[in-house]
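Colleague: I am attaching a structure below and will ask some questions about it afterwards.
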């Protein structure tokens, strides 16, 4: 597609509920990132894929967070047993590999509210 | 110490003035530096990137990098009310971007 597509745009979850957030990157982009952005803060790195390989998951805040990209294109970020502190905007970004200076393109994000 | 530091602002400038946004970073080995603009409720959009010491100009925007001082800045000339947004500085660490908290810029008519 023309841009990075994320769904749903908004998600309200009851505390303890599991959620799944989807990211469809720009076609052909090898690199895919998930970021978490709390209100008034900059995006915080969660995890990174190159094709289907998850190369870095050092930013995932707990084992309740899990991400996958099984075929090297669409990615899903899953949060189990959601808690109020999980409320944030979850941003997905993609980029072509081999561009030492290029930035990444962000999707519109999913705003998760845990009540 | 955070890896990327920015003054949260707000930075208020009159229309037509130069807005100067600053950022410092802690990893001396960092190679690439980015400025993103984020309007309220929207996702970050890339404005510029720089990886050589000195200045890089693109229209009304100039990015400046000083690796010895671990300092990167963004100048916006002829500021317009439509430039009012949060400006995020990011530093590339291996393949991931590390962001600062952003500086909120307000341009008043």
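Just so you know, all these numbers are worked out from the coordinates, no wet-lab data involved. Not measured: the values here are computed from a predicted model. For neighbour counting, all protein chains shown are included, and Cβ atoms are generated from backbone atoms with ideal geometry for every residue, glycine included.
Colleague: Computed FRET efficiency, Cβ-Cβ of residue B:27 and residue B:7, R0 22 Å: what is it to the nearest 0.05?
Modeller: 0.65
Colleague: Tell me, B:35, A:34 in order of fewest to most beta-carbon neighbours within 10 Å?
Modeller: B:35, A:34
Colleague: What are the extents of the Cα atoms of region A:10-95 along their three principal axes, listed from largest to smallest and rounded to whole Å?
Modeller: Computed over region A:10-95, the largest-to-smallest principal extents equal 36, 26, 24 Å.
Colleague: I want to verify the translational diffusion coefficient of the protein assembly as shown in µm²/s; compute it with Stokes-Einstein, Rh as the Kirkwood radius over Cα pairs, at 25 °C and 0.890 mPa s.
Modeller: Estimated via Stokes-Einstein, D reaches 136 µm²/s.
Colleague: If I model a spin label at residue A:115 and residue A:12 as a point 7 Å from the Cα along the Cα→Cβ vector, what separation in nanometres do I get?
Modeller: 0.3 nm
Colleague: If you don't mind, another one. With an 8 Å cut-off on Cα pairs and a minimum separation of 6 or more residues, tell me the relative contact order of chain B in percent.
Modeller: Normalised by residue count, the contact order of chain B is 38 percent.
Colleague: Whole percent per 10 Å bin, from 0 to the bin with the longest distance: what is P(r) over all C-alpha pairs of region B:19-109?
Modeller: The distribution over region B:19-109 is 17, 52, 27, 4, 0, given as percents.
Colleague: Taking 35 Å as R0, compute the FRET efficiency from the Cβ-Cβ separation of residue B:75 and residue A:53 and round it to 0.05.
Modeller: Efficiency at R0 = 35 Å is approximately 0.35.
Colleague: I've got another one for you. Please average, across the residues of A:104-114, the number of beta carbons from any other chain that are within 10 Å of each residue's own beta carbon, and give a whole number.
Modeller: 3
Colleague: Taking the Cα-to-Cβ direction at residue B:82 and at residue B:18 and moving 7 Å from each Cα, how far apart do the two end points lie in nm?
Modeller: Inter-label distance under the simple model: 2.3 nm.
Colleague: Over all residues in B:38-50, what is the mean tally of Cβ atoms on other chains that come within 10 Å of each residue's Cβ?
Modeller: 4
Colleague: Right, something else. Over all residues in A:33-39, what is the mean tally of Cβ atoms on other chains that come within 10 Å of each residue's Cβ?
Modeller: Per-residue shielding by partner chains comes out at 2.
Colleague: Still on this structure: Can you give me the distance in nm between label points at residue A:20 and residue A:39, each placed 7 Å from the Cα along the Cα-to-Cβ direction?
Modeller: Computed distance between label sites residue A:20 and residue A:39 equals 3.0 nm.
Colleague: Going 7 Å from the Cα of residue A:97 in the Cα-to-Cβ direction, what parts of region A:1-41 have a backbone nitrogen less than 14 Å from that spot?
Modeller: A:28-33
Colleague: Further question on the same structure: Calculate, for residue B:45 and residue A:68, the FRET efficiency according to 1/(1 + (r/R0)^6) with r their C-beta to C-beta distance and R0 41 Å; round to the nearest 0.05.
Modeller: Using R0 = 41 Å, I get an efficiency of 0.90.
Colleague: On a C-alpha basis, how far is the centre of region A:2-67 from the centre of region B:3-31 in Å? Whole number, if you could?
Modeller: Spelled out, the Cα-based centre of one part sits 26 Å from the other.
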